[in-house]
Amino acid sequence: MRADGTAGKGASGRSIDAVEVEKFERMAAEWWDPQGKFKPLHMLNPVRLDYIVTQVAARFGRDRHRDKPFAGLRILDIGCGGGLLSEPMARMGADVVGADAAARNIPVARLHAEQSGLPIDYRHATAEALAEAREDFDVVLNMEVIEHVADPGDYLRSIHDLLRPGGLHVCSTINRNPRSYVMAIIGAEQVMRWLPRGTHDWKKFIRPDELFDLLQKADLTPIDRMGMVFNPVAWSWRLSERDLSVNYVTASVRD
């Protein structure tokens, strides 16, 4: 790992899908625009954060209501984008590394963190490069990334190697079924136009049982899963123990 935070000649890795990276490169400047191309993530972010904070606090015996409850924890936000999750983790006291394979995301994330007074270590790097550099973390956040990689199994093995023993991995993605095609592809991309067409490939969506199998093959033990459900009437998201039909999030640990 070079002193400037980049991984060698750039963010290369077995799991990287160059076409997927290029999609997010084109949208990099809009990360912090709540009405822009990342509007769905801004709407979803409070629910994602609630789940993450609950899982981290439970795993490490922290009181989420105290000041800086995650002080002393080292957290990796892989596929950090513009820093929508990295910044809240830093505000809660964690030592945060944000990594992304899309180079254009990193200056956007760094600038916003500087303006917010947050010391976040942003790097243009992949999970594989960080693992090869023997980086290790108490928590790895892997949110809405796995459906964009070339080899999910290989990618999760790198996540395993990045976790310290007893570490926590939080992973969210999209289920693969007819409803998710209607909601995530037709609804979000074609009707609501929240995302550019082609942002997602329905064939790369992962069913919960498939993800649990991949986690176990990577020597990660699943401990929880929840659905993240959009209510079009209330125009808001909520967590659901039963409805994992479209968006869902999981927690697993390295024993």
Difference of contour (0.36 nm per residue) and Cα-Cα distance, residue 231 to residue 65: 57.0 nm
The local net charge around residue 166, scoring Lys/Arg +1 and Asp/Glu -1 for residues other than residue 166 whose Cβ lies under 11 Å from its Cβ, equals +1
Can you compute the modelled spin-label distance between residue 33 and residue 103, with each label point 7 Å from Cα toward Cβ, in nm? 2.3
Across bins of 5 angstrom width beginning at 0, how are the C-alpha pair distances of the range 147-220 distributed, in whole percent? 3, 15, 22, 21, 14, 12, 9, 4, 1
Relative contact order %, the chain, counting alpha carbon pairs below 8 Å whose residues are six or more apart: 20
Built amide H within the under 5 Å cut-off of residue 236, gap 5+: 231
Report the label-to-label distance for residue 154 and residue 213 in nanometres (one decimal), using points 7 Å from each Cα along the Cα→Cβ vector. 2.0
5 Å is the cut-off here: which amide hydrogens, built 1.01 Å from N in the peptide plane, fall below it relative to residue 224, excluding neighbours closer than 5 in sequence? 251
In the range 164-255, trypsin sites (Lys or Arg not before Pro) in a DSSP loop with at most 13 other beta-carbon atoms within 10 Å: 193, 197, 242
Candidates 62, 134, 207: whichever shows maximal mean-square fluctuation once the chain is modelled as a Gaussian network with Cα springs under 10 Å: 134
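List the residue ranges in the chain for DSSP H helices whose C-alpha atoms run 24 angstrom or more along the long axis and whose Kyte-Doolittle average is -1.0 or above. Mind showing how you got there, number by number?
On the way: long enough: 39-60 (32 Å, 0.23).
Answer set is 39-60.
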Tell me the mean residue ellipticity at 222 nm calculated for the chain from its helices only (DSSP H runs of n ≥ 4, each -39500 (n - 2.57), averaged over every residue, nearest 500). -9000 deg cm²/dmol
Ignoring ligands and nucleic acids, residue 183 exposes an accessible area, probe 1.4 Å, in Å² to the nearest 10, of 80
Of all beta bridges DSSP finds with both residues in the chain, what is the antiparallel percent, to the nearest 5? 50
Please list the non-local residues whose amide H lies under 5 Å from the amide H of residue 163, H modeled 1.01 Å from N, same-chain partners needing a gap of 5 or more. 137
Quick one: 3J(HN,Hα) in Hz for the range 71-78, Karplus 6.51/-1.76/1.60 with θ = phi - 60°, rounded, Gly and Pro as x. 4, x, 9, 9, 10, 9, 9, 8
Taking only pairs that are 8 or more places apart or on different chains, how many Lys pairs in the chain have Cα atoms under 26 angstrom apart? 11
Need one number for the chain: average projected area of the convex hull over its C-alpha atoms, nm². 12.7
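The values are calculated or read from the model by the stated rules, or taken from the named source; none is laboratory data. The structure presented is a predicted model; accordingly, all values stated were derived computationally and were not measured. A quick note on method: Cβ atoms are made from the backbone with ideal geometry, for glycine too, and the neighbour counts reach across all protein chains shown. Ligands, DNA and RNA are stripped out before the accessible areas are found, and what is left, the full protein with its side chains, is counted by its heavy atoms. Shrake-Rupley method; radii C 1.70, N 1.55, O 1.52, S 1.80 Å.
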